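First comes the structure, then the notes that go with it.
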Amino acid sequence: MIECRHIDFSYDSKTILQGIDLNIENGEFLCILGQSGCGKSTLLRLLAGLERPSAGEIRIDGEPVAGPDRHCSVVFQDYSLFPWMTTGANLTLALHAAYPDKNRKEVKALAESYLETVGLGGSFGQYPEALSGGMRQRAAIARALASPSGILLMDEPFGALDPVNRALLQELVRNLHRDAGKRRTVIFVTHDIDEALYLGTRLVVFSSSPGRIIADEGNRISRRYDRTALFRQPEIKALQQKIPAVYRSDMLERLAKRSEVRNGGGI
Amino acid sequence: MKYLLAVISLALFAAALGNRDYPLALLALALPAVTTVRARLARREEKRNAVIDSATVIEAVLLVWQLASANFRLADPVLFPPPAAILALFFAELGDMLRGLLSSSYLLGSAYGLALVTAIPAGIAVGSSRRLRAAAEPFSRVLGAIPPIVYIPYAIALLPSFRSASIFVIWSGAFWPVFVNTVSGVVTIPDSLLDSARMLHLKRSVFFFRILLPGAMPSILTGASLGLIFSFLLLTAAELIGATEGLGWYVKNFSDFADYGRVIVGILFIGIVVTSLMWLFNKLERRLLRYRRNIHD
């Protein structure tokens, strides 16, 4: 269980996040939607413990987050894998750190099985530069799975992929999450509404500058259907309409506020 | 170019034969032969041309030199001994020069090694801390800009032996390029890689040797290659001033006696040594950065 209480975050006296209250249950697949620069990646970094909030508190399973957190592993859009190590070495590095008692052989076998899980069997000895973008993200996911943390933080992981690979990887992550049940929580940052609808069991929408939560929608039916059937469901169609509308009304509200301030200052 | 090489080589062969310089005549034919083999082996057209072009230039220089100094005796034989004499002298002096190389390698190796061992850890420490970086910048700017040659007389006065003085001077020449490039190498490691590494909870030593060091390696190697060139420059400069043996001393000593044959031989030998050293360095660089082979080859 992740609890965020009244999180504020500012950087260089610019408010990036404001009053974020968010509870995430174990086993949820939470998609954070928002336009670029709305602070959704920042929230991910706060959850990971890579940054400290300016105000408020984040607790994971009751413990406050202070510094890079053992409960979390991260996949970034690019440059998650260390290019100077083979894919296999990227995994064994993480595994050795996570399981200091396991010997070389056990760790290697484990790494190979994780690569197998993401459909990368046989690429143990290859350098990331030799892999395609999709394969690289698969390997990054394998490394994240290899660490014993229950929370997987993904920062627009498929943003740079071509549509085919993107769909394949969405499938992979969705299946991994489904098979892990309550043991794995995924928090997935994206600006693609359909991606969020397909993957997320819950959707949170952020407003821009400063980032606030402007919508929080459950998406319980997402695991019941495959892709084509899912997007035919009226609930999903309704969300497809609703989320852009939420963006629009938030934007109009902010524009109105800004002109109010301007007019008020003028008088 | 192929025909030009053949013509010049034959001309040199004839000129050497005419003067009864048999080893030079042999060389005149051996060089195009070797070149042909190398050009055959070269995969790319560019490389093939480069091999032939450089052989042509060497043959042309040798031909002009041979004609001017031996066949027509236009040049002063003291300043420009004929190529055949240099060739013979080179092999005669090889033993002495190798001994000089040994002494120079000791100086170069210890000073350059010391520079790597100090500059790389210092550079990584400074590169990974914003505060240290801000503190170190003015020093590296001012100290790095001073040409280390100016330290030589003072170092000789200050330090107990010529050996320690030259090690200090070579060290100070190699240190800054390695240090500055290591710092910038660490700074340019993408943030998401460092964040990924932080999430893995690595031990400090693992973080240093498997993340920071290899992450900064491309830039470290750039600095190390600059440092090596500077080291060699300073080594020979130091030896010209105070040594009693070594490659720089060899050249300086014989030019004091106006023995320009040995001076030329010494210079050629230094050229060969530096070239081999840089060749080895490039091999090492390729090996260390082999993970980038796919994009850079």
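Quick one: is B:Ser255 away from chain A (no Cβ under 12 Å), touching a residue at least 40 places away in the same chain (Cβ under 8 Å) and farther than 30 Å from A:Leu91 by Cα? No, not satisfied. Suppose the filter is in contact (Cβ under 8 Å) with a residue 24 or more places away in the chain and either among the aliphatic types (A, V, I, L, M) or not assigned by TED's automatic domain parsing to the domain that holds B:Trp171 (or both); does B:Glu93 pass it? No, not satisfied.
With respect to the conditions (1) within 14 Å of chain B (Cβ to nearest Cβ); (2) in contact with a Phe, Trp or Tyr (Cβ under 6 Å, 6 or more places away or on another chain), A:Gly34 lacks only one, and its number is (1).
Residue pairs whose Cβ atoms lie under 6 Å apart, separated by 6 or more positions or on different chains, with the first residue in the stretch B:179-204 and facing chain A (nearest Cβ under 7 Å) and at positive phi and the second part of a helix (DSSP H, G or I) and modelled with pLDDT under 95, are B:His201/A:Ala97. Where residues in the stretch B:258-283 are hydrophobic (A, V, I, L, M, F, W, C) and without any contact (Cβ under 8 Å) to a residue 24 or more places away in the chain, which of them is farthest from the other protein chains (Cβ to nearest Cβ)? Within the stretch B:258-283, the match that is farthest from the other protein chains (Cβ to nearest Cβ) is B:Val263. The stretch B:189-256 holds helices (runs of 4 or more DSSP H) entirely within its bounds, and those carrying 2 or more residues that are over 19 Å from B:Gly127 (Cβ atoms) and of a type in the set (S, T, N, Q) map to B:213-242, B:247-256. The set of residues in the stretch B:29-49 being of a type in the set (Gly, Ala, Ser) and either modelled with pLDDT under 90 or on the phi > 0 side of the Ramachandran plot (or both) consists of B:Ala39, B:Ala42.
Residues considered: A:His71, A:His96. Of these, the only one that is within 12 Å of chain B (Cβ to nearest Cβ) and more than 22 Å from the chain's Cα centre (by Cα) is A:His96.
Across the stretch B:96-142, the number of residues qualifying as over 17 Å from B:Ala216 (Cα atoms) and either in contact with a Lys or Arg (Cβ under 7 Å, 6 or more places away or on another chain) or touching a residue at least 24 places away in the same chain (Cβ under 8 Å) (or both) comes to 15.
Residues that are assigned to a loop (DSSP other than H, G, I, E, B) and surrounded by 19 or more Cβ atoms within 10 Å (Cβ to Cβ) within the stretch A:213-225 comprise just one, A:Asn219. Among the residues of the stretch B:161-182, are any under 29 Å from B:Gly109 (Cα atoms) and loosely packed, with under 12 Cβ neighbours inside 10 Å? The answer is yes, given that some residue of the stretch B:161-182 is under 29 Å from B:Gly109 (Cα atoms) and loosely packed, with under 12 Cβ neighbours inside 10 Å.
Can you find a residue that is within 14 Å of chain A (Cβ to nearest Cβ) and more than 17 Å from the chain's Cα centre (by Cα) anywhere in the stretch B:171-178? The answer is no, given that none of the residues of the stretch B:171-178 is within 14 Å of chain A (Cβ to nearest Cβ) and more than 17 Å from the chain's Cα centre (by Cα). Name, by its number, the condition in (1) away from chain B (no Cβ under 13 Å); (2) under 18 Å from the mean Cα position of the chain (by Cα); (3) buried (at least 16 other Cβ atoms within 10 Å of the Cβ) that does not hold for A:Ala167. So A:Ala167 meets the others, but not (3).
The values are calculated or read from the model by the stated rules, or taken from the named source; none is laboratory data. For clarity, every value in this text was computed on a predicted model and none was experimentally measured. Glycine also receives a Cβ, built like all others from the backbone with ideal geometry; neighbour counts cover every protein chain displayed.
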